[in-house]
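Here the structure is laid out as structure tokens; the discussion comes afterwards.
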Amino acid sequence: MYCIFIDTNIFLDFYRYNKNDNILNLFNEFKKYQKFLITTEQSIDEFNRNRDKTINDFIDILNSQLNTIYDKNFLSNLDGFCDYIRSIKEANKSIKKMIDKCRDLMFNVNDDPVNKLFHLSCHKIFSRTNEIIFKAKQRKYIGNPPVSNKYTCCDEIIWETLLENCKYNLIIISRDGTFVDNSRFLKEEYKGRTSKKLEIVSTISDAIRLLGNEPSLELENVESSIVVEKESYDMILKDSTFWSSLIFRALIELGGEAGLKDLYQLIYKILDNEYPDVLKSNKNIEATVRGILQRFCSNSKYYSNKVDLFRNVKSGTWAIKTDF
């Protein structure tokens, strides 16, 4: 018999990358295999706090897209100005409506289809004990995988919880490198502690096949679109030198400071003229630009501790940092 543990990030990817509106179609698939599904108390905490953070990230993006209305200037004498102001107000109204929907979704968890899927995976919950936390700390000090960031031992707690409680063959579904890159070590440790087999796969569909069944077409379509989009986005973020240089160049051409709309427009133009392959392969140009701006801005919570190139002048406006 197998048990299946689904890593929290698998569910968070449904928020981040899934463009489909058919998550509700996955409920029957989850219910069909619910008896195999296990999770940990640590994973539930992790999902709840990261769910809020993920939705807040979308709210930040929407806020950055709100347009400032300039209606006290010479433009008001030009033909079409009233239509321009009306369009800006309508756009802002739509953006604010989406912000409100995100906030409603954060607090009305029962209306959130991803949250419902996650709780279907909590068929059997393994508790977090002080002994498990102690073992997780020891694991972190020793340096044995899975390894969380330097401030926490969340993955270590999850793994120690599974070692302590799961007495069956185990399938872990994860695209997190701390599990995937250390699969040989973890498989040997699991076998040594439980005398059972461990498999680590990247999709729920793969896990269902290990059970000897075929996943639904709906599940495969959703997961394949998520994996392709995530890999494409990760690949582009790894090439941060290209993107930071491109954005720096664009801001220089725009006088050192620009609103996101003008910045997007110029970057699209540069890509179209000089890097058509990038323009064709990247379906998230604007998200990539925002991500790079934030990763190279020391005042951003997403700063990656690299070069401090950009500064956020105000919502939706960025500039080159002049005091390097």
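Restricting to DSSP H runs of at least four residues, report the calculated mean residue ellipticity at 222 nm for the chain, -39500 (n - 2.57) per run over all residues, nearest 500 deg cm²/dmol.
-18500 deg cm²/dmol
Whole-Hz ³J(HN,Hα) for each residue in the stretch 170-185, computed from phi via Karplus 6.51 cos²θ - 1.76 cosθ + 1.60 with θ = phi - 60°, x for glycine and proline: what do you get?
Those phi angles translate into 10, 10, 9, 9, 7, 10, 7, x, 5, 8, 5, 6, 10, 4, 4, 4 Hz.
Once you compute Rg and the Kirkwood Rh from C-alpha atoms, what is the Rg to Rh ratio for the chain?
That ratio is 1.03, to two decimals.
Quick one: what are the phi-derived ³J(HN,Hα) couplings along the stretch 33-40, Karplus 6.51/-1.76/1.60 with θ = phi - 60°, whole Hz, x for glycine and proline?
Those phi angles translate into 10, 4, 5, 8, 7, 10, 8, 10 Hz.
Please report the relative contact order for the stretch 119-270, taking Cα pairs under 8 Å with a sequence separation of at least 6, and give it as a percent rounded to a whole number.
14 percent
Starting from the 7 Å offset along Cα-to-Cβ, what nm value, one decimal, do you get for the label separation of residue 224 and residue 73?
Placing both labels 7 Å along Cα→Cβ, they lie 4.9 nm apart.
Compute the distance from the alpha-carbon center of the stretch 251-287 to that of the stretch 83-118, in whole Å.
26 Å
With only Lys, Arg, Asp and Glu charged, each at its Cβ (+1 for the first two, -1 for the last two), find how big the charge dipole of the chain is about the Cα centre; round to the nearest 20 debye.
Once rounded to the nearest 20, the dipole reads 760 debye.
Among the listed pairs 89/261; 32/196; 261/283; 124/167; 116/167, which are separated by more than 19 Å between their Cα atoms?
Beyond 19 Å: 32/196; 116/167.
If neighbour count is taken as other Cβ atoms inside 10 Å, put 5, 107 in order from fewest to most.
The fewest-first ordering by Cβ neighbours comes to 107, 5.
Quick one: order 303, 151 by neighbouring beta-carbon count within 10 Å, fewest to most.
151, 303
Give the long-range amide H neighbours of residue 198: residues separated by 5 or more places, or on another chain, with amide H under 5 Å away, using H modelled in the peptide plane at 1.01 Å from N.
170
Gain in length, residue 109 to residue 168, computed as 0.36 nm per residue apart minus the alpha-carbon separation, to one decimal in nm?
18.0 nm
What is the packing order of peptides 91-99, 214-222, taking the mean over residues of other C-beta atoms within 10 Å and listing the highest first?
214-222, 91-99
Rank 172, 270, 200 by mean-square fluctuation in a GNM of the chain with C-alpha springs under 10 angstrom and give only the top-ranked residue.
So, out of 172, 270, 200, the one fluctuating most is 270.
Given Cα pairs under 8 Å that are at least 6 residues apart, what percent is the relative contact order of the chain?
In percent, rounded to a whole number, it is 19.
For residue 53, go through the lysines and keep the ones whose alpha-carbon is under 17 Å away, minus same-chain ones fewer than eight residues off.
Within reach: 101, 301.
Residue 137 to residue 281: FRET efficiency via 1/(1 + (r/R0)^6), r the Cβ-Cβ distance, R0 41 Å, to the nearest 0.05?
The formula returns an efficiency of 0.45 here.
Where a number appears in this text, it was derived from the coordinates with a stated rule and is not lab data. Computed from a prediction, not measured in an experiment: that's the story for all the values here. Backbone-built Cβ (ideal geometry, glycine too); neighbour counts: all protein chains shown.
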